[in-house]
Structures are given as C-alpha cells and as structure tokens.
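Okay, so here's the structure we're looking at.
Read the figures in this text as sums done on the coordinates, not as results from a lab. Note that the structure is predicted; figures quoted are calculated from it, not measured. So basically every Cβ, Gly included, is an ideal-geometry build from the backbone, and we count neighbours across all protein chains shown.
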Amino acid sequence: MALSPFHRQTLRLELATYASPRLKAVIAISKMVAEDVVRHYNYPAERVHHIPNGVDLDRFNPQLRQQHRAAV
C-alpha cells in the first residue's frame, strides 16, 4: 500500500480534510474510528462524536429469518 499512488493520495486528502478550519466536527460510526481520527490526524477529541449504528443487529439479523417468517 505504501507504493500505491491511490492510497497515498487518499491519505493526503484525509489529512487536508481533518486539518481544514472549515471542519467543525466529525461523526464516527464506531469508537475505534473516533479514536483513530483523534490519534492519526491530531483532531480534537471533543469535536469527534460517536453515533452508533442505527440498526438493532440483535433484532434485525438474517439468522432470525426463519424464526420470524411464520409470524409475518
């Protein structure tokens, strides 16, 4: 990946985005992503907001299809 021009350009664009004064906050879908943004881009932690997945994965799970099919 270190030699890939696409990968290097993507990293440069990400760095420019997080360094921009126009960026007021970051929304991350996981705590890991939020921590990575703070660590790798030196972005202020108080401006990174973790909003978890909006789907209840225990309730909406493909493995439960047969169990709920008869009721539906």
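Among the residues of segment 14-44, the ones that are under 29 Å from Val55 (Cβ atoms), out of contact with any Phe, Trp or Tyr (no Cβ under 7 Å at 6 or more places or on another chain) and among the hydrophobic types (A, V, I, L, M, F, W, C) come to 9 in all. Scanning segment 46-66 for residues that are in a loop (DSSP other than H, G, I, E, B), within 17 Å of Ser30 (Cβ to Cβ) and not charged (D, E, K, R) turns up Ile51, Pro52, Asn53, Gly54, Val55, Leu57. Among the residues of segment 20-48, those that are loosely packed, with under 12 Cβ neighbours inside 10 Å and of a type in the set (S, T, N, Q) comprise Ser20, Asn42.
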